[in-house]
Amino acid sequence: MDNYDSDKLARDAKAAVDHDDLQNEIAGREVGRLSRFFAEAARNAAEQQRKERERSHEQTALQLILAKNAEYAALYRDTMDLLVKAEAATETALAQADTRRIEAKEALDTLLANAARLEDGTVVFLDAQGRVRDEAGAVLEDISADAVSWPDGAPRYESFEAVRDASETAQAAYDRILHYQVDVLGHARDRLSDEGNPPDLEELEEINRVIREDMPPSIGREMAAFEADVPETAMPTAALDIPKL
């Protein structure tokens, strides 16, 4: 093979390498040879495109939909703001409900401690008609009031019934708020924070609706009082919770 053929083969091999390197650089796969192909302005443009591609890959699914869908972004912000305020109101309402629950239970325990007992330990009460009743409210037909040793100040059945009902009501109110906090707000927080698999618009609307409609009255009152007492600029918002773009 003469020198001409050797030079041609070398030029062809170099051209093939240059072509491959150029395609890699355009695709964003750096091979360190960009300056061979572009002038300064072209290199800057290519570098900018590469960085934009990297940024688009780094953005989460939630960030992308917030950036591209104005309707979704507005509803997301409204729902997140609602969630943050509902969470704050729920904390207050739950603490108050817990105090009432504990106080009501203590009142019931105190009443039961002062109640009469049969020899087998059964707690009994005398009702307004002079009948002996147990804790379940059943009338003990085979036991007369005279056969029971009634302590001084022994509570009547009607008093027990009222205190018992108050305790059950307080416990139920606490349980309802706790359920709302865990199952409604907790679920909403999990979904709104899922940046890789965010809720679609329909699910977002449903989350917003459930937060509002399932809210116990005590939490609604706390939210209303909070919004009335706190200046708008001092109210908690979701600004820090929305993923930055």
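The values are calculated or read from the model by the stated rules, or taken from the named source; none is laboratory data. Note that the structure is a prediction, hence the values are computed from the model and not measured. Note: ideal-geometry Cβ built from the backbone for every residue, glycine included; neighbour counts use all protein chains shown.
The residues of segment 103-135 that are loosely packed, with under 14 Cβ neighbours inside 10 Å and assigned to a helix (DSSP H, G or I), listed by number, are GLU103, GLU106, ASP109, THR110, ALA113.
Within segment 163-196, the only residue that satisfies the criterion of being among the small types (Gly, Ala, Ser), over 30 Å from ARG77 (Cα atoms) and exposed (fewer than 13 other Cβ atoms within 10 Å of the Cβ) is ALA172.
For segment 198-221, which positions are hydrophobic (A, V, I, L, M, F, W, C) and either over 16 Å from ALA89 (Cβ atoms) or buried (at least 18 other Cβ atoms within 10 Å of the Cβ) (or both)?
Quick first cut of segment 198-221, residues hydrophobic (A, V, I, L, M, F, W, C) only: 201, 204, 207, 210-211, 215, 219.
Once the filter is applied, which keeps residues that are hydrophobic (A, V, I, L, M, F, W, C) and either over 16 Å from ALA89 (Cβ atoms) or buried (at least 18 other Cβ atoms within 10 Å of the Cβ) (or both), segment 198-221 yields LEU201, LEU204, ILE207, ILE211, MET215, ILE219.
The set of residues from segment 81-110 being in contact with a Lys or Arg (Cβ under 8 Å, 6 or more places away or on another chain) and either modelled with pLDDT under 95 or under 16 Å from ARG164 (Cβ atoms) (or both) comprises just one member, LEU108.
Could you go through segment 35-52 and let me know if any residue there is assigned to a helix (DSSP H, G or I), at pLDDT 70 or above and not assigned by TED's automatic domain parsing to the domain that holds ASP214. So that I can check it myself, show each step before the final result.
Taking segment 35-52 and keeping what is assigned to a helix (DSSP H, G or I), we get 35-36, 40-52.
From what is left, the residues that are at pLDDT 70 or above are 48.
Adding the requirement that they be not assigned by TED's automatic domain parsing to the domain that holds ASP214 leaves 48.
Yes.
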